[in-house]
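Below is one structure, written out as structure tokens; comments come after it.
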Amino acid sequence: LQYAYIIFFVKLEQSPSEVKGFGERVKMSCALSGYTLTENDIHWIRQRPGRALEWIGYMSTGYNSPSYGSSFQHRFITTEEDSSRRQYLDINSLTAEDSAVYFCT
């Protein structure tokens, strides 16, 4: 038997933290590098203070067809730059419930 080992060094780089007011809009970015395949799923997750992690949704790179968790289908929008492997999460009309740490993975 022969074994092949493939090691990938994948880097996800998020935009810096922001503080926004209620009713405002925020746009976060997530850039993927170090991986050569054309299709990757980028997931968005948040954690509100004292709460469990919540899955917001995901989108495969190269496809503009996001999928969202049931609680995130209206004000949360995931988009992608065609020319790069950078995705964005937009949240419109921010509320107190949106106060959280947001992650891409």
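The values are calculated or read from the model by the stated rules, or taken from the named source; none is laboratory data. All values derive from a computational prediction rather than experimental measurement. Every residue, glycine among them, receives a Cβ derived from its backbone with ideal geometry; neighbour counts consider all protein chains shown.
From the residues in the stretch 89-105 that are in a strand (DSSP E or B) and not hydrophobic (A, V, I, L, M, F, W, C), which one is farthest from the chain's Cα centre (by Cα)?
The extreme case among them is ASP90.
When the stretch 1-33 is examined, which residues are found to be at pLDDT 70 or above and assigned to a loop (DSSP other than H, G, I, E, B)?
SER15, PRO16, SER17, GLU18, VAL19, LYS20, GLY21, PHE22, GLY23, GLU24, ARG25
Is at least one residue of the stretch 71-78 of a type in the set (Ser, Thr, Tyr), over 17 Å from ASP98 (Cα atoms) and surrounded by 12 or more Cβ atoms within 10 Å (Cβ to Cβ)?
No, the stretch 71-78 contains no residue that is of a type in the set (Ser, Thr, Tyr), over 17 Å from ASP98 (Cα atoms) and surrounded by 12 or more Cβ atoms within 10 Å (Cβ to Cβ).
If I ask for residues that are at pLDDT below 95 and polar (S, T, N, Q), which ones from the stretch 38-65 would you list?
Answer for the stretch 38-65, where residues must be at pLDDT below 95 and polar (S, T, N, Q): THR38, ASN40, SER60, THR61, ASN64, SER65.
In the stretch 79-97, how many residues are surrounded by fewer than 17 Cβ atoms within 10 Å (Cβ to Cβ) and without any contact (Cβ under 8 Å) to a residue 40 or more places away in the chain?
Qualifying residue count for the region: 4.
Mind checking which pairs have a first residue in the stretch 43-61 that is touching a residue at least 60 places away in the same chain (Cβ under 8 Å) and a second that is of a type in the set (A, V, I, L, M), Cβ under 7 Å, 6 or more apart or different chains?
So the pair list comes out as TRP44/ILE56; TRP44/LEU89; ILE45/LEU53; ILE45/ILE56.
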